[in-house]
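A short worksheet on the structure shown next.
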Amino acid sequence: MHHYDEPVYLISIVAKILDIHPQTLRQYERENLICPSRSNGRIRLYSQRDIDKIKLILRLTRELGVNLAGVDIILRLKEDVDKMEQEVAELRHEVLKAKNTHSVAPEKALVRKKSLYEMIVFEE
């Protein structure tokens, strides 16, 4: 079993798996919709992640009638949403951690202590 991002599939295998012509895959690459890895001999190698992305492209074009320019916009927006969801998950984790420890990280604190001991001087 291969890792999800490991490039192991040749263009002919991917074309056969997805029942499309290899030229379609080359066109998707020219349009910058996919970016397969290359071997030392410059042979295109696709990962399972690449195949899943191609499946999404095919669904958008075949079932929903989206042209390749629209697919490009959708994929970019999807990447942005995925990044934002990751950031939200990280922030939720930080908030939960802060609630559990009842403190906030020094770099995120609104009031910063300059030393362990605070000195208050009252003038008369």
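Being surrounded by 12 or more Cβ atoms within 10 Å (Cβ to Cβ) and in a helix (DSSP H, G or I) is the filter here; which residues of the stretch 34-58 pass it? Gln48, Arg49, Asp50, Ile51, Lys53, Ile54, Lys55, Leu56, Ile57, Leu58, listed by residue number.
Let's see how each residue does on (1) modelled with pLDDT under 95; (2) touching a strand residue (DSSP E or B) at 6+ places or on another chain (Cβ under 8 Å); (3) of a type in the set (A, V, I, L, M):
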position: Ile20; (1), (2), (3): no, no, yes
position: Gly70; (1), (2), (3): no, no, no
position: Met84; (1), (2), (3): no, no, yes
position: Leu110; (1), (2), (3): yes, no, yes
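Out of the residues in the stretch 59-72 that are assigned to a helix (DSSP H, G or I) and of a type in the set (A, V, I, L, M), state the one that is surrounded by the fewest Cβ atoms within 10 Å (Cβ to Cβ). Checking each candidate, the answer is Ala69. The single condition among (1) aliphatic (A, V, I, L, M); (2) at pLDDT 95 or above; (3) farther than 28 Å from His3 by Cα that Leu75 does not satisfy is (3).
Within the stretch 18-33, the residues that satisfy the criterion of being of a type in the set (D, E, K, R) and either assigned to a loop (DSSP other than H, G, I, E, B) or in contact (Cβ under 8 Å) with a residue 40 or more places away in the chain (or both) are Asp19, Glu31.
The values are calculated or read from the model by the stated rules, or taken from the named source; none is laboratory data. Computed from a prediction, not measured in an experiment: that's the story for all the values here. Because the Cβ atoms are built from the backbone with ideal geometry, glycine has one as well, and the counts that use them run over all protein chains shown.
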